[in-house]
1. Only one residue in ARG101, ARG31, ARG14 is basic (Lys, Arg) and in contact with a His (Cβ under 9 Å, 6 or more places away or on another chain). Which one?
2. Determine the pairs where a residue that is in a loop (DSSP other than H, G, I, E, B), located within the range 113-125, has a partner that is at pLDDT 90 or above and not basic (Lys, Arg) with Cβ atoms under 6 Å apart, the partner being 6 or more residues away or on another chain.
3. Got at least one residue in the range 97-107 being out of contact with any strand residue (DSSP E or B) (no Cβ under 8 Å at 6 or more places or on another chain) and assigned to a loop (DSSP other than H, G, I, E, B)?
4. Taking the range 16-51 as the search range and keeping residues that are assigned to a helix (DSSP H, G or I) and of a type in the set (Lys, Arg), which one is surrounded by the most Cβ atoms within 10 Å (Cβ to Cβ)?
5. Residue check, TRP64 against (1) touching a strand residue (DSSP E or B) at 6+ places or on another chain (Cβ under 6 Å); (2) under 26 Å from THR121 (Cα atoms); (3) in a helix (DSSP H, G or I); (4) at pLDDT 95 or above, all met but one. Which one?
6. Checking GLU54 against (1) in contact with a Cys (Cβ under 9 Å, 6 or more places away or on another chain); (2) among the charged types (D, E, K, R); (3) crowded, with 19+ Cβ neighbours inside 10 Å: exactly one of these is not met. Which one?
7. Of everything in the range 70-96, what is part of a loop (DSSP other than H, G, I, E, B) and either within 15 Å of ASP117 (Cα to Cα) or touching a Phe, Trp or Tyr at 6+ places or on another chain (Cβ under 9 Å) (or both)? Give them in sequence order.
8. Mind listing whichever residues of the range 49-68 are among the basic types (Lys, Arg) and farther than 16 Å from THR113 by Cβ?
Amino acid sequence: MKAEKKQKAIAVLRDCPTSPRKMRLVADIIRGVEINQALGILRYSKKEASIRMEKLLKSAIANWEAKNEGERLEETKLCVKEIFVDGGRMLKRIQAAPQGRAHRIRKRSNHVTIVVDKMVTAENK
């Protein structure tokens, strides 16, 4: 159990000012993908959320390196084991509307959590 925990590395991004729906589109693309391939996908993605996601993935990789000082990153096959996006705090604003009315605008934010772990192959089982 303790060896399993050592292999995992977690990175969390809180209160990211992007709607959770937009961030989930990017998260779904890299779920279960090997980290070098995931970094490439995020680097060349047109979505604005991919910039923050790439930075978070690099942070998770750095956390894994800090936990496993003896192992080399190039020799181990790491993948994005888990990634999930939760809704964060919502800023409520008012926009003027016709005839003296007002419409509510909800500026959404999110929390992203990435778990990086060794890739499971048929040999490792």
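1. ARG14
2. Pairs that qualify, where the first residue is in a loop (DSSP other than H, G, I, E, B) and the partner is at pLDDT 90 or above and not basic (Lys, Arg), are MET119/CYS79.
3. yes
4. Out of the qualifying residues, it is ARG24.
5. (4)
6. Among (1) in contact with a Cys (Cβ under 9 Å, 6 or more places away or on another chain); (2) among the charged types (D, E, K, R); (3) crowded, with 19+ Cβ neighbours inside 10 Å, the lone unmet condition for GLU54 is (1).
7. GLU71, ARG72, LEU73, GLU74, GLU75, THR76, LYS77
8. LYS67
The values are calculated or read from the model by the stated rules, or taken from the named source; none is laboratory data. Worth saying up front: this structure is predicted, and the values here are computed from it rather than measured. We place every Cβ from the backbone using ideal geometry, glycine too, and count neighbours over all the protein chains shown.
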